[in-house]
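First comes the structure, then the notes that go with it.
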Amino acid sequence: MTSTCASRRTHDQFRADVLAGLSRPQKRLPSKYFYDAAGSQLFDRITELPEYYPTRTELAVMREHAAAMAARCGPRCLLVELGAGSLVKVRLLLDELVAPAGYVPVDVSGEHLRGAARELAADYPGLGVHPVVADFTRPFELPPVPAARRVVYFPGSTIGNFDPAEADDLLGRVARLVGPGGGLLLGIDLRKDTAVLEPAYNDARGVTAAFNRNLLVRINRELGADFDPAAFRHRAFYNHERSRIEMHLVSAAEQRVQMGGATFAFRAGESIHTENSYKYAPAEFAQRAAACGLRADATWTDANGFFAVMHLTAIL
């Protein structure tokens, strides 16, 4: 498939997902579309905010336990990172891996990914870096790199952005992708006090709000909609019953939005649900993964119990 055909298919899927999501009684937009070039840059800024504990906590866990994680991955592994972003955390792992067969960062934001991959390849001249621009929530092909073992690296608690059934589907596909005996190294945000959780998604500088509204900016630019992003306010809160942070864009007034010949009416106070971030307990997640063909072998956490990195082995 040519890059032009792939780009058209991605555009058409984006349009179909937005139209379907805005047609629901509770309007919704898939969080994977946050990450155009501007959205990826805004998220990088979020990870540096004082309120946003996940990134610095996961990095601390990685720094302390990277050697043990690399030992679990094994020598000559092909490391496949899903939702690779800026390729910061993976460097801690690459520094400890024994003769890795290659590194495959996978991300939907092609421009951002290719730039980060070029920088990483320059810093690791002996490593084969094979960026793949793809939506990892759908089937994609890995480059044909001989390896002793495939290991998927999925950091950042992104698994929490998937509803339970979607998470199970993704875990099952990862198990099949790595094959029997292959691995998954996964970041998981753990349950904790709301006083810690909610500020992480409602920062004082408004960066998360800008990140949330940028989704509307992208829809306007790429799909020809006429959203007024300033007419929507950011809202994020912890849903105790479902053990998840919910992120919404709330209409500040009654308004109408047009896109592709369709008109969507908003009441004042009506929201578009843009993201979930589920929080887990390690034992609970291990049980869920086992049902999807992945056995939990090791879990590393920080002293506060805020975040965990788990290694799982495919047992298909």
What is the spin-label model distance, in nm, from residue 141 to residue 295 if the labels are put 7 Å beyond Cα along the C-beta direction?
3.3
Length-normalised contact order of segment 189-316 in % [C-alpha pairs under 8 Å, at least 6 apart]
22
Roughly what would the spin-label model give for residue 243 and residue 64, points 7 Å off Cα along C-beta, in nm?
2.2
Of all DSSP beta bridges having both residues in the chain, the percent classed as antiparallel (nearest 5) is 65
For the residue pair residue 268 and residue 8, what label-to-label distance in nm results when each label sits 7 Å from Cα along the Cα-to-beta-carbon direction?
4.6
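Once the other residues with Cβ under 10 Å from the Cβ of residue 45 are scored (Lys, Arg +1; Asp, Glu -1), what is the net sum? Could you put the intermediate results ahead of the total?
Numbers: positive: 205; negative: 44, 48, 203.
Net charge in that neighbourhood comes out at -2.
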Ellipticity estimate at 222 nm from DSSP helix runs (n ≥ 4, -39,500 (n - 2.57)) divided over the chain, nearest 500:
-12000 deg cm²/dmol
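Quote the charge dipole size of the chain about the Cα centre in Debye, to the nearest 20; the model charges only the Cβ of Lys and Arg (+1) and of Asp and Glu (-1). All intermediate terms of the calculation are to be shown ahead of the outcome.
Working: 36 positive and 36 negative charges, 97 e Å.
Approximately 460 debye in magnitude.
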If each part is reduced to its alpha-carbon centroid, segment 69-138 and segment 182-241 end up apart, in Å, by 25
Sorted peptide list for 159-172, 253-266, criterion being average Cβ within 10 angstrom, highest first
159-172, 253-266
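How much length would be gained if the chain were fully extended between residue 124 and residue 250, taking 0.36 nm per residue of separation minus their Cα-Cα distance, in nm to one decimal?
40.9 nm
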Would you look at the GNM of the chain, springs on alpha carbons closer than 10 Å, and say which of 130, 240, 65 moves the most?
240
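Give the shape of the chain as rounded, prolate or oblate, defined through the alpha-carbon gyration tensor: a ≥ b ≥ c are the square roots of its eigenvalues, a/c under 1.5 means rounded, and otherwise the shape is prolate if a/b is larger than b/c and oblate if not.
Taking the square roots of the gyration eigenvalues as a ≥ b ≥ c, the chain is prolate.
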Most mobile of 195, 225, 71 per a Gaussian network model of the chain (Cα springs, under 10 Å)?
195
Ordering 136, 34, 43 by how much accessible area each has at a 1.4 Å probe, largest first, what is the list?
43, 136, 34
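The values are calculated or read from the model by the stated rules, or taken from the named source; none is laboratory data. Since we're looking at a predicted model, the values are computed, not measured. As a convention, Cβ positions derive from the backbone with ideal geometry for all residues, glycine included, and neighbour counts pool all protein chains shown. In case anyone asks, the SASA skips ligands and DNA or RNA and just uses the protein heavy atoms, side chains included. Shrake-Rupley method; radii C 1.70, N 1.55, O 1.52, S 1.80 Å.
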